[in-house]
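Reviewing the structure listed below.
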């Protein structure tokens, strides 16, 4: 880097490398994408506390091409941001793409997938959560009857303790047997 | 009941294993980690050794009830108390594994008081544990803020040596994983294939991957043949083509492209005819080995994925069918449609098995019988047509002479190409009448198209046989009379020329079909007219069969035209770019698809069958047919393989005796019987293995459903137990119950982690 102003201190980069699945080069690339979203708000120099304080608004982040067509984009932003507001600091932004990267482990992907599908945030996937997920997936394609049928079948397959909800353990049990999960839960940036 | 608990930030225990806080438990730390804000009703603040050496508050979870009445905490909080057991019974520090385990479950059970645990480590294991945790830090599902603070905490306390060794280890691991991931995609066209898979999915991309494989194969064949056969011929600079040899390509007919130009003499020490034969045989064997080994590798890789494919069809559809990598609105819309269609199909299949009335089913049966007869008729008719055209051509039409000549020369290739253009289309349309399920539809169409291509190949071969025998007859017959019908007979050249013609026309046909059917249609749609006419789908199966057909032609003609492999390479490259551009601009992904892993091997299998057909035909030609006496490297022999025996004849007599003895029926028949027995034995063995696998799968399914439900039910009873039985239970009993709940949790947790591939 020949710049006089470096964006992050070496300690920051070290910490980011420890906490995400990215290399320094990728982190800087992601920073350039972050900054391009709101060039007037995000400074070049993030060596202070900007990485935790500067937040980009929720609707600006959703204009990113990687997220724009995603039916779960609102929920994704909510899960990765603090207090569920959807406004993300750079660190949260980085965390989001780290979980969605190719190198991320299956465990962490399934944890965040669970959080994304948990619309009411109660730590369980109940009927309404499943219905909401299905609605986002299929838009208007299925009749209410078919939707109920699918949700019933999902609960039948996955709910092992018969409480009408899926806990993380049950969810993880199902998702670890989904052959495509690692491929589909992947965003390239 | 608002028990503050080391593991929980919000106590909302619901009496189940999955007590999770109802609100996201990210705490508001400021940048230096000074302020701890929680929203617990009871805040038992920790003793003031909270601040570490630098006077910075380390992140802790408030309400650590370490010295509080643990037994009450254990049972009255209807929550899991893993930590309390550990803390009470062992004041020893937790190991690195244990800390990582709890971190991993932190999103269920609340944030972990990692600072506390880390502080309690033994001095000698401290460094190792720090390294261990830092290594796996990125995989923990805690918030990024916590992670960064933990990373800073650890790094501050680690030696520089261990830090540097850790970073270098991680860098190496990362490089290795990246390198291994990229290995299959080393080579040409990676970017293009990547784009295709982004837009169309991995199924369509498998077609292009298959093309790439064939290109590599052809390049290998071309290099071998060129280096060992053509180059010596060119370098030796004597064109052995007899005078008076005329072909359809003019000057090119007598060049090294075709068989006739190869001489039958040695060049210095290099025995050219022997080289020709052996290289050709070696190239074929090499192809066989490459295809079989590729099939084997793919099969052994796919076995891992295939074990539990449709265990949870609905759950996997709901949870993992959305492809988050899709960024284009068209791609997203299409994916949604595919998901909708698949889901509808699954619901339909699940709900109602085939209930069709009696009339409907007989009607369908009649239709299917009729269609099958039609298919057979089409196949027979096209075969006969090819044969007929190869034999005779009677142009009583009033066309200009040049056109007549052109048609006469290219009659066979044109007929073959025309058939190839229309018959698969007919099959595509006709299958819709039969009303099969989409998957069966696909399979039946593929089977029919493959049969058609095979049939056209076979008929083509038969007509070539006619050509060769006719040529020999011509020369023999006229040798006795004064006039000669033909100056020289070089039937291999003729066959080679026919093959080259077919290959060229095939390429032209592919380009023409694509232009007509795809480009034109896309142009029409884009101009706004007929917008209801959708884009054509990218039908992977028929494209692949097309390519396999082209490759079979190359294999067929390789003996007669050594540079055909190079031509094959050029053709495949052109086809690749053409199809790529067409796919990007004019096509949509297919509605139904094979699972990609299976289809890769299926196409290899068809390729292998085609290879065998071509190889055995050529082997027959080599063994039975008499090479032409006027041209080529084998004109001195009666049979082509005699080139080998005449050289092998130089070997000592005992080897010759052994070879002669081995090829007698006395040895061959027992060997064949023995091989058959071996095949039967392995088949029986594999059948028994399959039975065992099925039984084990049954058992697994049983375990998952019934056993786990029992365990959960039991756990529920246990939790409900202390409340039901009152708080008067002895500490020992309570501890025992919590221990058992702990084991059941760790059981489920470990089984779920063990089940990861």
Between residue B:443 and residue B:328, Cβ-based FRET efficiency (R0 41 Å, step 0.05) works out to 0.85
A correct Stokes-Einstein calculation for segment A:10-99, using the alpha-carbon Kirkwood radius, 37 °C and 0.692 mPa s, returns a whole-number D in µm² s⁻¹ of 248 µm²/s
Ranked on Cβ counts within 10 Å of their own Cβ, fewest leading, B:264, B:694, A:40 go A:40, B:694, B:264
When A:105, A:110, B:456 are arranged by how many other beta-carbons sit within 10 Å of their Cβ, fewest first, they go A:105, B:456, A:110
Rounded to a whole number, the mean other protein chain Cβ count within 10 angstrom for residues of A:127-134 is 1
Residue B:706 and residue A:148 label points (each 7 Å along its Cα→Cβ direction) are spaced in nm at 3.1 nm
Two pseudo-spin positions, 7 Å from Cα along C-beta at residue A:29 and at residue A:41, lie apart in nanometres by 2.5 nm
The percentage of Cα-Cα pairs in segment A:106-184 separated by more than 19 Å is 36 percent
In whole angstrom, the spacing between the Cα centers of segment B:203-282 and segment A:33-54 equals 64 Å
With 0.36 nm assigned to each residue of separation and the Cα-Cα distance removed, residue B:515 to residue B:473 gains 10.7 nm
Two pseudo-spin positions, 7 Å from Cα along C-beta at residue B:584 and at residue B:286, lie apart in nanometres by 3.3 nm
1/(1 + (r/R0)^6) with r = Cβ-Cβ of residue A:128 and residue B:248, R0 = 60 Å, i.e. FRET efficiency to nearest 0.05, evaluates to 0.20
Classified through the alpha carbon gyration tensor (a ≥ b ≥ c as square roots of its eigenvalues; rounded if a/c is under 1.5, else prolate when a/b is larger than b/c, else oblate), chain A comes out prolate
Contour minus Cα-Cα span, residue B:612 to residue B:523, at 0.36 nm per residue, comes to 27.9 nm
Once normalised by the length of segment A:10-99, the mean sequence separation of its alpha carbon contacts under 8 Å that are 6 or more apart gives a contact order in percent of 30 percent
The residues A:7, A:63, sorted from fewest to most surrounding Cβ atoms within 10 Å, come out as A:63, A:7
Length gained if residue B:157 through residue B:234 is fully extended, taking 0.36 nm per residue and subtracting the Cα-Cα distance, is 20.4 nm
Given a Förster distance of 35 Å, the FRET efficiency implied by the Cβ-Cβ spacing of residue B:602 and residue B:175, rounded to the nearest 0.05, works out to 0.50
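Read the figures in this text as sums done on the coordinates, not as results from a lab. The shown structure was predicted, so the numbers you read here are calculated from the model rather than taken from an experiment. No Cβ is skipped: glycine too gets one built from the backbone with ideal geometry, and neighbour counts run over all protein chains shown.
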